[in-house]
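Shown next, in structure tokens, is the structure this report addresses.
The values are calculated or read from the model by the stated rules, or taken from the named source; none is laboratory data. No experiment lies behind these values; they were computed from the predicted model shown. Every residue, glycine among them, receives a Cβ derived from its backbone with ideal geometry; neighbour counts consider all protein chains shown.
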Amino acid sequence: MRRTIIAGNWKMNKDHIEGAALAREIAAGLARTPPSCDVVLIPPFTSLPAVTEAIRGSIAKAGAQDISAEDEGAFTGEISGRMLRALGCAYVLVGHSERRHIVGEGAELLARKLRAALRSGLAPVYCVGELLGERESGAAGEVVSRQIREGCEGLAPEEFSRVVVAYEPVWAIGTGRTATPKDASDMHGSIRRLIGTLFGAAAAAETPLLYGGSVKPESAPGLLADPEIDGLLVGGASLASDSFLAIVPR
């Protein structure tokens, strides 16, 4: 059975004091009503020590928003997988649309980052998704397929077994627009078939596929009811404990 994952990406929000307070509120809410899924908090780098301490002993897990493709060395401003593991991280985002389209990270770099995460014992949450123009032109499936091949093709099946894939249509991130349940389901089905082609039927059956893009408490149940969707990557709604906890299934 595939595990369900609800991950909150805080992006560049919450300093370490605010982050610790939010993490404590979420951890307390999870303790009162244990969830039926894995819950991951993904704060900025500067808040990671405070957040990991705040959730210590709880069922919540920590993740990072990015990772260096290098393991160590003279790379000013970079954060290695070993450093993230030492802080208690279990997950790391790779290829989020803001890294692709704002920072300008390309396919070769993202493939290296994904492999650096695996070397470090982290579970990479590999993000894929199309722009609005690509969706409207009918190229969404081709774009997402290319992104998965560029990042993951060539991995051994046992390596890929630690990868989580998050589909985030770029046009839905932070816009208030959400893909229809059918749009999301169809794309997740296409991703699962591609995983089967690349890594075999077992990988297709076992890989968690998350949906992200303006997820709200109102839209979450319909998305999670779809058998192709195994969890959610939550943005703005993860910045308040009440809205994030309302998304977490019990």
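Restricting attention to segment 208-226, report how many residues are of a type outside the set (A, V, I, L, M), outside any loop (DSSP other than H, G, I, E, B) and within 12 Å of the chain's Cα centre (by Cα).
Residues meeting the conditions: 2.
Out of all the residues in segment 106-120, is one or more charged (D, E, K, R) and either in contact with a strand residue (DSSP E or B) (Cβ under 6 Å, 6 or more places away or on another chain) or at positive phi (or both)?
Yes, segment 106-120 contains at least one residue that is charged (D, E, K, R) and either in contact with a strand residue (DSSP E or B) (Cβ under 6 Å, 6 or more places away or on another chain) or at positive phi (or both).
Being farther than 21 Å from Val40 by Cα, touching a helix residue (DSSP H, G or I) at 6+ places or on another chain (Cβ under 9 Å), in contact (Cβ under 8 Å) with a residue 12 or more places away in the chain and polar (S, T, N, Q) narrows it down to one residue among Thr178, Thr207, Thr197; which is it?
Only one candidate qualifies: Thr178.
Considering only residues that are touching a residue at least 60 places away in the same chain (Cβ under 8 Å) and either surrounded by fewer than 23 Cβ atoms within 10 Å (Cβ to Cβ) or of a type in the set (S, T, N, Q) (or both), which ones fall in segment 11-27?
Result: Lys11, Asn13, Lys14, Glu25.
Can you tell me which condition Ile229 does not meet? The list is (1) more than 16 Å from Cys37 (Cα to Cα); (2) part of a loop (DSSP other than H, G, I, E, B); (3) of a type in the set (A, V, I, L, M); (4) within 15 Å of the chain's Cα centre (by Cα), and all the others hold.
(1)
Please verify whether Gly141 is of a type in the set (Gly, Ala, Ser), surrounded by 16 or more Cβ atoms within 10 Å (Cβ to Cβ), modelled with pLDDT of 95 or more and within 15 Å of the chain's Cα centre (by Cα), treating the condition exactly as stated.
Considered against the rule, which asks whether it is of a type in the set (Gly, Ala, Ser), surrounded by 16 or more Cβ atoms within 10 Å (Cβ to Cβ), modelled with pLDDT of 95 or more and within 15 Å of the chain's Cα centre (by Cα), Gly141 comes out as no.
Yes/no matrix, rows are residues, columns are (1) over 18 Å from the mean Cα position of the chain (by Cα); (2) farther than 23 Å from Cys152 by Cα:
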position: Ile6; (1), (2): no, no
position: Asp15; (1), (2): yes, yes
position: Glu18; (1), (2): yes, yes
position: Pro34; (1), (2): yes, yes
position: Leu48; (1), (2): no, yes
position: Arg100; (1), (2): no, no
position: Gly104; (1), (2): yes, no
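Determine whether segment 169-178 contains at least one residue that is in a helix (DSSP H, G or I) and either over 19 Å from the mean Cα position of the chain (by Cα) or of a type in the set (D, E, K, R) (or both).
No.
Which ones in segment 37-46 are over 18 Å from Gly236 (Cα atoms) and either over 18 Å from the mean Cα position of the chain (by Cα) or part of a helix (DSSP H, G or I) (or both)?
Thr46
Before we move on, is Ser185 under 22 Å from Gln65 (Cα atoms) and assigned to a helix (DSSP H, G or I)?
Spelling it out, it is not the case that Ser185 is under 22 Å from Gln65 (Cα atoms) and assigned to a helix (DSSP H, G or I).
When segment 50-71 is examined, which residues are found to be under 15 Å from Val164 (Cβ atoms) and either over 12 Å from the mean Cα position of the chain (by Cα) or free of Cβ contacts under 8 Å to residues at least 12 places away in the same chain (or both)?
Scanning segment 50-71 gives Lys61, Ile67.
Could you pull out the residue among Thr197, Thr175, Thr180 that is at pLDDT 95 or above, surrounded by fewer than 18 Cβ atoms within 10 Å (Cβ to Cβ) and β-branched (Val, Ile, Thr)?
Thr197
Pairs, please: C-beta under 7 Å, at least 6 apart or cross-chain, first residue touching a residue at least 12 places away in the same chain (Cβ under 8 Å) and in segment 116-143, second among the polar types (S, T, N, Q)?
Filtered contacts from segment 116-143: Ala116/Ser68; Cys127/Ser97; Val128/Gln147; Gly129/Ser97; Gly141/Ser190.
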